């Protein structure tokens, strides 16, 4: 069977075009997804396209006859392209699972050039140069491809991918290895030149088809891999929707749902449940003394020890910073009475972090189903009452008792009163202006909540925030205040055509909620409010309790354009070392440092250091509690960016504050 030179030239040229087009497709994929293995396969296809370009040009040249040195060079470029195709194909396969350093990739490419040049040495020293060269070239190439393809097949067999293209690629490598093995075997056998030519022709067609199939297998792989990554992202989202980001324990919503399911099961099986609330004592001291990484390690270990308890808990969850819930099933009272001792024992074991050893203690409050509650919220509330008594009286463990119900009834009444207050919109926002010291204009306002009680008059936050915290209403209340602030800002724009940045305080419970960022997005969208006009204030304790979650949330908020500031900064002064890690916009210096900043050298030095450090890290500084001209002048001279306090103005009701919206400039009263 004879095939014309023109036929081969046409086939090779078409292959070169196909792989050039595939290379462009892979380039688009790489720019879109930034996958390193796609870049390797892109180089592999480019090399294969180059190989076919040279193969198409070879039959129509006269270099076989005219110049043997030029023949060697031409063949060398062709073989180097083929070896580069193989090298980048295998590097890409490896990078689908593991990382490779640039040094390793560079060495692999250099080795490829070395191997491709080695076969040419025979040409220089053989009497029958051309024949010897082609024979060595074919044999060396075959052995290298056999070893490479068999190794790739074994790699895919051991480290299987979840998508179908992995099986296709495995089959391709295995069949290709058999192809080269068959060629080596045939060349060793005694064959006539005609049979050998027929075999070479057949394998040429095989290679053309196999390479075409390979290109599309790699394309299918990328699509399958992206689908798999998307599925993993969805599963991770679902996991994080139910689990705490740092510890892996159930979050508050999920553990409450699981407690509800456990109650249903307990009713069916006529057994009881014990709900334990565990609070780590002085956890902020742990963070300040040993560092945030040690604190995070301890929280993870606490969650792990609780989940792996021999008591086989029905539910383990992290309610907030250093508070955990632990639920077990039991049938008799003596068994549950021994549980607190077990919990103190597993929590009290030393915690190792590198060369550091930390010890912690916990306060525990617990209650039982069905004696003291028949739903999850009631059980949580009663366990929290017991925990509150334990912490207030410095007792390690307290079981909820009927005697506590008086306080419980008060809280139930307070809960009903607070919920009605939210429903009836009895809470009002007062706005305290913030003055920009550079422009001497209104920079923004802080929203401060008040309760316009129907019988008790105007109540300050100290009269109701503790009850909100005890009743676990933080998240509901924060959302209410945020919604009120956003709708008010939108209304101001409609009426006065002025935008004002409103700062709203956020509690740890709300800030650590997995749905927090999406809730903010919904609020902004519903009120047609630009993110730049919302600022969220969090305390140091919120950040220091779980810095990883805090940084993730802050980064998400900032990517939306929302400013995040640290409120009351300085009350945890030992945390200054961690300020550089936080992607926040503004530091609000606590008023306790401002009160005597004009008369006390220590306070002056501390505030000056805070301002200098914050500016060095690219963060703005606002001083709270500025009440006289002397404080203002000192802060202005130190380069403080903004101030807030009674010197500028007290917190104002909305009807009074709107006068600021009609002014072009805002200055101090004095």
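A few comments on the model shown:
- Top-ranked residue of the stretch 331-349 - restricted to ones that are modelled with pLDDT of 90 or more and touching a strand residue (DSSP E or B) at 6+ places or on another chain (Cβ under 9 Å), ranked as surrounded by the fewest Cβ atoms within 10 Å (Cβ to Cβ): 341
The rows are residues; the columns are (1) in the same structural domain as residue 88 (by TED's automatic domain parsing); (2) surrounded by 14 or more Cβ atoms within 10 Å (Cβ to Cβ); (3) modelled with pLDDT under 80; (4) closer than 20 Å to residue 82 by Cβ.
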position: 107; (1), (2), (3), (4): yes, no, no, yes
position: 110; (1), (2), (3), (4): yes, no, no, yes
position: 119; (1), (2), (3), (4): yes, yes, yes, yes
position: 125; (1), (2), (3), (4): yes, no, yes, no
position: 128; (1), (2), (3), (4): yes, no, yes, no
position: 132; (1), (2), (3), (4): yes, yes, yes, yes
position: 135; (1), (2), (3), (4): yes, yes, yes, yes
position: 146; (1), (2), (3), (4): yes, yes, no, yes
position: 150; (1), (2), (3), (4): yes, yes, no, yes
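- Residue count, the stretch 285-316 (criterion: farther than 17 Å from residue 255 by Cβ and assigned to a helix (DSSP H, G or I)): 14
- For the stretch 491-500, the set of residues classified as buried (at least 17 other Cβ atoms within 10 Å of the Cβ) and under 33 Å from the mean Cα position of the chain (by Cα) consists of 500 only.
- Screening residue 470 on (1) surrounded by 19 or more Cβ atoms within 10 Å (Cβ to Cβ); (2) at pLDDT below 90 shows it passes everything except condition (1).
- The residues in the stretch 342-353 that are touching a residue at least 12 places away in the same chain (Cβ under 8 Å) and not in a strand (DSSP E or B) can be counted, and the count is 7.
- Qualifying position, being buried (at least 21 other Cβ atoms within 10 Å of the Cβ) and in contact with a strand residue (DSSP E or B) (Cβ under 6 Å, 6 or more places away or on another chain), among 503, 550: 503
- Residues satisfying the stated conditions in the stretch 415-459, i.e. farther than 27 Å from residue 499 by Cα and touching a strand residue (DSSP E or B) at 6+ places or on another chain (Cβ under 8 Å): 421, 453, 458, 459
- Some residue of the stretch 308-326 being surrounded by fewer than 16 Cβ atoms within 10 Å (Cβ to Cβ) and within 27 Å of the chain's Cα centre (by Cα): yes
- All positions within the stretch 86-104 that are part of a helix (DSSP H, G or I) and touching a residue at least 24 places away in the same chain (Cβ under 8 Å): 86, 87, 88, 89, 90, 91, 92, 93, 94, 95
Quick grid of which residues meet (1) in contact (Cβ under 8 Å) with a residue 40 or more places away in the chain; (2) in the same structural domain as residue 37 (by TED's automatic domain parsing):
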| position | (1), (2) |
| --- | --- |
| 208 | yes, yes |
| 212 | yes, yes |
| 230 | no, yes |
| 243 | no, no |
| 260 | yes, no |
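- Residue in the stretch 271-283 that is under 16 Å from residue 320 (Cβ atoms) and in a helix (DSSP H, G or I) present: yes
- The C-beta contact set for the stretch 354-380 (first residue on the phi > 0 side of the Ramachandran plot, second residue crowded, with 23+ Cβ neighbours inside 10 Å, distance under 8 angstrom, 6+ apart or interchain) comprises 373/367; 373/379; 373/382.
- Criterion: within 17 Å of residue 96 (Cα to Cα) and in contact (Cβ under 8 Å) with a residue 60 or more places away in the chain - qualifying residue of 29, 37: 29
- Residue match in the stretch 195-202 (condition: within 27 Å of the chain's Cα centre (by Cα), assigned to a helix (DSSP H, G or I) and on the phi < 0 side of the Ramachandran plot): no
- Residue check for residue 66: at pLDDT below 85 and under 21 Å from residue 151 (Cβ atoms): no
- Subset of the stretch 400-419 [at pLDDT 90 or above and either over 24 Å from residue 481 (Cα atoms) or within 38 Å of the chain's Cα centre (by Cα) (or both)]: 418, 419
The values are calculated or read from the model by the stated rules, or taken from the named source; none is laboratory data. Since the model is a prediction, treat every value here as computed from it, not as a measurement. Cβ coordinates were reconstructed from backbone atoms using ideal geometry, including for glycine residues, and neighbour counts include every protein chain displayed.
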